[in-house]
Amino acid sequence: MPGIYHPGEIAVQKLAGAEIIAEQNGRGIKNRIPKGAVAFLSTQTLVVAASVDKKGRVWCSMLTGEPGFIAATDDAAITIRSGPVKGDPLNENLAMNYDLGLLVIDFSKKLRLRINGTGRFDEHHQTNM
């Protein structure tokens, strides 16, 4: 599904023979944060942030906090009141490449929310997307 998946995802889907599943899943991908997701985000304590370094390698960083540390500020923006630990590549990666992927998982309810966009740190070292 061009426009929804990047070329690397499409290549992996083809190798796995999963194009049909990807197409079905792609129908649920939106360019706005669904209203139901706002409440979900406000109760979470963990978000996995994916970024890319200057060599093109993908890094995953864990951001944690008390419920409410991640919030949708409107239907297209999120603020995470947490930053990566010292030495985490997310600091350097976001300084040069704003592309950011988030995965918010509630293991007890078996729910997840994937969010792709651009991110930056503000003056309080909060992650904004």
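Here are some notes:
- Atom-type composition of the exposed protein surface of the stretch 63-118 places 53 percent of the accessible area on carbon and sulfur (1.4 angstrom probe).
- In the context of the full protein assembly, PHE121 retains an accessible surface of approximately 50 Å², using a probe radius of 1.4 Å and ignoring ligands and nucleic acids.
- Averaged over its residues, the stretch 57-104 has an accessible area of 55 Å² per residue, based on protein heavy atoms and a 1.4 Å probe.
- The stretch 99-118 and the stretch 31-98: distance between their alpha carbon centers, rounded to Å: 9 Å
- Note on ARG32 and PHE107: their simple-model spin labels are 3.4 nm apart, each label 7 Å out from Cα toward Cβ.
- Computed E for MET96/LEU46 - FRET, C-beta separation, R0 25 angstrom, nearest 0.05: 0.45
- Check: the stretch 47-124 dipole with +1 on Lys, Arg Cβ and -1 on Asp, Glu Cβ, in debye: 380 debye
The values are calculated or read from the model by the stated rules, or taken from the named source; none is laboratory data. Just so it is clear, the structure is predicted and the values come from calculations on it, not from any experiment. Ideal geometry is used to build each Cβ from the backbone, glycine not excepted, and the neighbour counts take in all protein chains shown. Each accessible area value is taken on the protein alone, full model and side chains, heavy atoms only, with ligands, DNA and RNA left out. Shrake-Rupley method; radii C 1.70, N 1.55, O 1.52, S 1.80 Å.
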